[in-house]
Amino acid sequence: MNKAAFDRVVLITLDGVGVGAQKDARDYGDEGADTLGHVARYCGGLRLPNLQQLGLGNIHPVEGVPPVAAAEGLYGRMREVSTGKDTTTGHWELAGIVQEEPFSTYPDGFPAEIMAAFQRETGLVPLGNVAASGTEILKELGEEHLRTGRPIVYTSADSVFQIAAHEDVIPVERLYELCRITRRLLDPYRIGRVIARPFVGTCAADFRRTSRRHDFSLLPPKTTILERIKEAGMRVYAVGKISDIFAGQGVTDSVSSESNADGMAKTLEALSVVCRGLIFTNLVDFDMLYGHRLDAAGFGRALEEFDFWLPHLQQAMGPRDLLMITADHGCDPTMPGTDHTREFVPLLIWHRGLEKGRDLGERTSFADVAATLAVALGVSFDTGKSVF
C-alpha cells in the first residue's frame, strides 16, 4: 500500500447540482442546461459565501457568487465520460467505473415479458406500467391502489423500475421483498435500479412518499475505489443512498438519511466513529425534492442551507482530513420536463493545511475523484487522474 496523505476523506455528492451543459448535451435533449446558473438567476442571486471561498464562483458564472482572487480550496469542473445521465452512472464513474453501454430505459413502459415475469413471481397484478412523475402517479392511481391492493409500477427517463405501495396496504418489508424479487428478474435487462416507493395518506389530495424509500441496484461490473479502500482495512461509511447505489459493494457501514439536513447531521456524526477511511455522503433533496419537481426557489434555499452548514463540517475536521464536494449529474428545474440533465459537475477540495487554492481546470472524467481518493488514502487504483 502507498503512503497515505490523509487519514480520512469526506466526499459529498450534491445530487443533481450540475454546472453547465456538456458538449454532448444535445444528444440527450439537454442543450442549454445549467442547473446552478439557472437556479441562481431564478432566485435573483444566491448567497453562498462559504462555497464561494472554496472557489465555486471561479468554476462557473453564478449570480451572487462572484469569483474570488484567492480561493481557499482547489476548484474545477468534471466531464462525464460514461453514457447516461442517471444517479448510478454518475456515482459509479465517481468511484472509477466508466460505462460505455447505457442502462436500459423504457419510456413507453416495460415490455410484456417483464410484466408477465413480475406477475408470475410476485403473484400480484400491478397498476400503471408507465413513465410518470412519482408524485403524479400517486394522484392518478393511489386511490385505486387503496381499493385493490395492487402495487403501482412506473418508470422515468432513468433506468428504474419503481414500485409504489401504501404502507398500510403493502407493509414496507413486504415491498422490499417484492423489489428483491424484481431485482433478480431484471438483471439480464441491465435496468439500473429497482426502487421501493412507500407512501402514506388517505386520498389523492394528501398522498405523500415516506423516507423509507430503498434502492436495489445492479451490482457494479468492476472493482470500485470503495472496494480498494475497504480491502486496505479502512472503513467506507455511507450516508444516504450511497450503499444502495453500489449494492453494498465496498461499504463497511451505512446509515440512511431522511433529508439533506439529516444527511449533513449524520456526516458530522460519522467523524466521531471513523478514524481512517472514507465518509461518502449523498444529499438527495436537490434532485428529488427540487430538480425533478421544477422548484428552482426550493433548490436555491437548499443550496444556501448547505452553505450555512459547511463551516460546521470544516471546524469538525482535523489536519489529516480531506473534504471533497461534487455532484453526479444535473437536474435543471428551469428546463422542460422533469429529467436529469447532461452537465459538468463541480469539484471542490479543501483541507485544513491548504495554503492557497488552485484551479483544477476541466477534468476529463468523474473518475478523477476515485484517483484522488486513492492517492489521499494510500491505495492503488488505475482509473482516473488524481488532482495531487
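Things to note:
- Checking each residue of region 22-42 against the condition of being part of a loop (DSSP other than H, G, I, E, B), of a type outside the set (K, R) and within 19 Å of A297 (Cβ to Cβ) gives at least one match.
- Residue that is under 20 Å from F344 (Cα atoms) and not charged (D, E, K, R), where the choices are G44, G37: G37
- Entirely in region 210-322, the helices (runs of 4 or more DSSP H) that have 3 or more residues that are farther than 20 Å from L36 by Cβ and touching a strand residue (DSSP E or B) at 6+ places or on another chain (Cβ under 7 Å): 225-231, 242-245, 260-270
- The set of residues from region 103-130 being under 15 Å from V160 (Cα atoms) and surrounded by fewer than 17 Cβ atoms within 10 Å (Cβ to Cβ) comprises S104, P107, D108, G109, P111, M115.
- Residue match in region 71-83 (condition: surrounded by fewer than 23 Cβ atoms within 10 Å (Cβ to Cβ), assigned to a helix (DSSP H, G or I) and free of Cβ contacts under 8 Å to residues at least 60 places away in the same chain): no
- Members of region 141-164 found to be farther than 24 Å from F103 by Cβ and in contact (Cβ under 8 Å) with a residue 12 or more places away in the chain, listed by number: L141, G142, E143, E144, H145, L146, T148, G149, R150
- The set of residues in region 317-342 that are closer than 24 Å to T88 by Cβ and of a type in the set (G, A, S) comprises A327, G330, G337.
- Within region 328-352, the only residue that satisfies the criterion of being closer than 15 Å to V10 by Cβ and in a loop (DSSP other than H, G, I, E, B) is R352.
- Among the conditions (1) crowded, with 20+ Cβ neighbours inside 10 Å; (2) within 15 Å of the chain's Cα centre (by Cα); (3) over 19 Å from A5 (Cα atoms), G300 misses just one, which is (2).
- Per-region count, region 153-176, residues under 24 Å from the mean Cα position of the chain (by Cα) and either assigned to a loop (DSSP other than H, G, I, E, B) or surrounded by 20 or more Cβ atoms within 10 Å (Cβ to Cβ) (or both): 14
- Flag if A238 is closer than 28 Å to D339 by Cβ and more than 19 Å from the chain's Cα centre (by Cα): no
- Residue among L373, L354, L348 that alone is over 23 Å from the mean Cα position of the chain (by Cα) and in the same structural domain as L14 (by TED's automatic domain parsing): L354
- H145 being farther than 19 Å from A165 by Cβ, part of a helix (DSSP H, G or I) and modelled with pLDDT of 95 or more: no
- A count restricted to region 177-209 and to residues that are part of a helix (DSSP H, G or I) and among the acidic types (D, E) stands at 2.
- Matching residues, region 353-366, being part of a loop (DSSP other than H, G, I, E, B) and in contact (Cβ under 8 Å) with a residue 24 or more places away in the chain: G353, L354, K356, G357, T364, S365, F366
The values are calculated or read from the model by the stated rules, or taken from the named source; none is laboratory data. None of these values were measured; they are calculated from a predicted model. Neighbour counts are summed over all protein chains in view; Cβ atoms, including those assigned to glycine, are modelled from backbone coordinates with ideal geometry.
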